[in-house]
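Have a look at the structure below before the remarks.
The values are calculated or read from the model by the stated rules, or taken from the named source; none is laboratory data. Predicted, not measured: the structure shown is a model, and the values here were computed from it. Cβ atoms come from the backbone with ideal geometry, glycine included; neighbour counts cover every protein chain shown. Each accessible area value is taken on the protein alone, full model and side chains, heavy atoms only, with ligands, DNA and RNA left out. Shrake-Rupley method; radii C 1.70, N 1.55, O 1.52, S 1.80 Å.
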Amino acid sequence: MSSPSDHTESENRGNFPTDIRDLPESQPSEIVSLANGEEFDLRIAPMVKRLGDATVRMLAYNGSVPGPTMRVQQGSEVVINVTNEADTEATVHWHGLRLENAYDGTHETQTPMQVGQSFSYRLQFHDPGLYWYHPHIREDYGQEMGLYGNIVVVPSDPDYWPPVNREELITLDDVLLENGQIASFSRTETTYVAMGRFGNTMLISGDVAAELSADLGEVVRFYFTNTANTRVFNVGFDMARMKLVGGDSGRVEQEAFVTEVMLAPSERIVVDVLFDQPGMVTLEHRHPERTYPLASVTVRETPAEPELSKQFEVLRTNADMTAERDRLDRYRDVAPDKTLAFVAEMDMGVPDGPIVYSCPMHTEVISVDEGTCPNCGMKLLAISVALTYTCPMHSEVITADQGRCPHCGMKLVAVAATYTCPMHPDVVSDSPDRCPHCGMKLMPSQLVNEAQEHHGDEPTHAQHHATDQQHGHAGGDNHDATGGIEWEDDMVDVNRITTPANMRWKLVDRSTGGENHAIDWHFKVGDQVKIRLVNEMDSDHPMHHPFHIHGAGRFLVMSRDDTVEPNLVWKDTVLVRTGETVDILLDVTNPGLWMAHCHIAEHHESGMMFSFSVDP
């Protein structure tokens, strides 16, 4: 358990505060229905919240995590008066809304609210669906600390959605807890820039667990929002039937029965769930290596009223989206107007002394040459080769630890780094030459011996990798097994120390070469812009990216790797998997200066963004 002195020391080191003394306790999240023309006050301030066994300092909108859910009518307009009583300057971004540019909530559209200041946002709700609000300055910090909330825009058409008994709003998040508090954040720089800050504690609607209930045969609409900094969620119910009905900005083209749905950071999904068996149902997050239970639903034996199971079986085709598919056909064979590449550059430095190169995500991959990992394509990083010890009488005894020879008991002596052939361990040299027997490049003896001790007679990954390099094989790409998604932080120690100074994420305009803020795009209201998003493997750290476009308009996903998107829905964020190419068509409707960026919060904060202008 951390003490008050720990908190003070952390703040003195230039970190954001973690002290919980004299802070109010968190409040339950509320649902607020706002009529056309109504005003609502939103306050950003710290509070104390219990997360499992930890009592932590968080930030909240109106004292709750998530903040208030605003329920509004399509076509209405409201004013949200925000006051900043937190610990850094702030804006509020209204994610997914097509609104006046002045109220988009970025540092380019307003003067940030300093602590103690206020700003009023005028919001219009043109499109039905699920939206959310969150910070847009130090998003990595504010969002992790709890600053997020939903907006439900009720359709003007009462038959827009299929019938359900009731609705549930669920935010999906994770948080990194260390020593009983949320892991510290520097005031001056963003960390975890390589992969984003993964949490070690799952949060569902702001809590570590959720206990829900349903009547037998009840159909419940679940509005899911991924509010995590970097984690992709793949959720489903183990003992209930689920029907996909909507996404980011409204309903899908074709309703479909599904077993799970995937949400990248900032994406939303709308599903209807039929609880047709009494007992306990679990909402789970599933990926190829692990399943996390998120929430439980107790299904009572009491029959639901009204009975909607027959309507649940109907899979509707929505004519408005079918018409959009017909419209897209004219753009399919047209060259893209813009091509945007996603690229990483890492510069972690080179330590003094003997070095080898290794993959932070696959530490068994070791090479004496610079290169990329055969498993994930990441740039191999230079690591030091430690001083080794050997027996003067038995030169084959090589170890990283000072001790005695297991053969004769002689004290081992320190020697400069030596190199050994993984295939012929009797070959030892003081330089990284090639083996005279097989021609393989010699590896540091310390690493070869450690690998042999760990794996016994089984060939090491380093041996396989060296053999592949010798014979010119690049190795397999295991992104296929993970769907091109980094589901967990597989290189925690390296990720923790990556900052914008040593890890640069770039959006690159392939027509002009412009990078990030140097990208200079200009459109007009009414333009239909075909944009090709290329997540390049020729990158120091290939990984997925959720690409988000602010309220200049909305877009449709046309294709992924030349495969036509099977089910259209209006989007503001699209997940581009590792190595994937995605074509989108942006419908430009709102003038102003708008942002586009990766929605992994740490990538966004490190500069993976640009702004474009739209003329009336």
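Please report, in debye to the nearest 20, how large the charge dipole of the chain is about its Cα centre when each Lys and Arg carries +1 at its beta carbon and each Asp and Glu carries -1 there.
Working: 45 positive and 94 negative charges, 81 e Å.
Result for the chain is approximately 380 debye, rounded to the nearest 20.
In the chain, with Lys and Arg counted as +1 and Asp and Glu as -1 at Cβ, which of these residues, F224, N200, C598, has the Cα nearest the positive end of the dipole, that is, farthest along it? Of the candidates, C598 comes out farthest on the positive side. Can you give the net charge of the other residues whose Cβ lies under 13 Å from the Cβ of D489, counting K and R as +1 and D and E as -1? With Lys, Arg at +1 and Asp, Glu at -1, the net is -3. Close amide-amide hydrogen proximity is noted between Q277 and G217, each under 5 Å apart and 5 or more residues distant or on a separate chain (H modeled in the peptide plane; Pro and chain starts excluded). Using only side-chain charges placed at the Cβ, +1 for Lys and Arg and -1 for Asp and Glu, the dipole size of segment 30-101 relative to its Cα centre rounds to 320 debye. With the biggest extent put first, the Cα atoms of the chain measure 88, 62, 55 Å across the principal axes.
Averaged over its residues, segment 499-616 has an accessible area of 30 Å² per residue, based on protein heavy atoms and a 1.4 Å probe. Taking all protein chains as present, what is the carbon and sulfur share of the accessible area of segment 234-314, in % to the nearest whole number, probe 1.4 Å? Using a 1.4 Å probe with all protein chains present, segment 234-314 comes out at 53 percent carbon and sulfur.
From the alpha carbon gyration tensor of segment 228-339, can you work out the equivalent ellipsoid semi-axes (sqrt of 5 times each eigenvalue) and give them in Å, largest to smallest? Mind dumping the intermediate values first?
On the way: eigenvalues 202, 93, 18 Å².
Equivalent-ellipsoid dimensions as semi-axes: 32, 22, 10 Å.
Return the carbon/sulfur percentage of the accessible area of segment 546-616, one whole number, probe 1.4 Å, all protein chains in place.
Values: 800 of 1620 Å².
Looking at segment 546-616 in its full context, I get 49 percent from C and S.
Leaving ligands, DNA and RNA out of it, rank R404, R554 by accessible area with a 1.4 Å probe, largest first.
On the way: R404 165, R554 45 Å².
So, going from the largest accessible area down, we get R404, R554.
Quarter the surface of the alpha carbon convex hull of segment 533-596 and you get the mean projected area, 4.6 square nanometres.
Antiparallel versus total DSSP beta bridges in segment 1-137: what percent is that, nearest 5? Provide the component values of the computation, followed by the final result.
Working: 21 of 31 bridges.
Of those bridges, close to 70 percent are antiparallel.
Entry note, the chain: relative contact order of 13 percent, from Cα contacts under 8 Å with a spacing of 6+ residues.
Probe radius 1.4 Å, ligands and nucleic acids left out: which of E486, E301, E536 has the largest accessible area, and how do the rest follow? Write out the running numbers ahead of the final one.
Details: E486 10, E301 145, E536 40 Å².
Ranked from most to least accessible, the order is E301, E536, E486.
Students sometimes get this wrong: rank S118, S26 by accessible area, probe 1.4 Å, all chains present, largest first.
Values: S118 75, S26 35 Å².
Of S118, S26, the descending order of accessible area is S118, S26.
Just name one of Y141, Q110, V175: the one whose Cα is farthest towards the positive end of the charge dipole of segment 91-188 (beta-carbon charges, Lys/Arg +1, Asp/Glu -1). About the Cα centre, the residue reaching furthest to the positive side is Q110. The mean accessible area for residues of segment 183-321, using a 1.4 Å probe and ignoring ligands and nucleic acids, is 36 Å² per residue. Using the Stokes-Einstein relation with a Kirkwood hydrodynamic radius computed over Cα pairs, the translational diffusion coefficient of segment 64-120 at 10 °C and a viscosity of 1.306 mPa s comes to 126 µm²/s. Direction-averaged projected area, Cα convex hull, segment 207-293: 6.1 nm², rounded to one decimal. Per-residue Karplus couplings for segment 593-608, computed as 6.51 cos²θ - 1.76 cosθ + 1.60 with θ equal to phi - 60°, are listed in order as 9, 10, 9, 9, 6, 6, 9, 6, 4, 6, 5, 4, 5, 8, x, 7 Hz, Gly and Pro entered as x.
Considering only the other residues whose Cβ falls under 14 Å of the Cβ of K524, what net charge follows from Lys and Arg at +1 and Asp and Glu at -1?
Working: positive: none; negative: D337, D527, D587, D615.
Residues near K524 contribute -4 overall.
Within the full protein context, the accessible area of L34 is estimated at about 10 Å² for a probe radius of 1.4 Å.
Tell me what the chain gives for mean residue ellipticity at 222 nm when only DSSP H runs of n ≥ 4 count, each as -39,500 (n - 2.57), the sum divided by the residue total, rounded to 500 deg cm²/dmol. Display every interim value, and only then the final one.
Details: 9 runs with 64 residues, N = 616.
So the helix-based figure for the chain works out to -2500 deg cm²/dmol.
Convex hull volume of the Cα atoms of segment 491-616, normalised per residue: 115 Å³. Restricting attention to segment 160-240, close to 50% of DSSP beta bridges with both partner residues there are antiparallel.
For the set K49/K571; K310/K571; K530/K571; K506/K571; K524/K571, the pairs lying more than 24 angstrom apart at their alpha carbons are K49/K571; K310/K571.
Treating the beta-carbon of each Lys and Arg as +1 and of each Asp and Glu as -1, no other charges, what is the dipole magnitude of segment 484-586 about its Cα centre, to the nearest 20 debye?
480
Think of the chain as having a plus end and a minus end, set by charges on the Cβ of Lys, Arg, Asp and Glu; of A240, I519, M346, I519 sits farthest toward the positive end of this dipole.
Take every DSSP beta bridge with both residues inside the chain and express the antiparallel ones as a percent of the total, to the nearest 5.
On the way: 124 of 159 bridges.
Bridges in the chain that DSSP calls antiparallel: roughly 80 percent.
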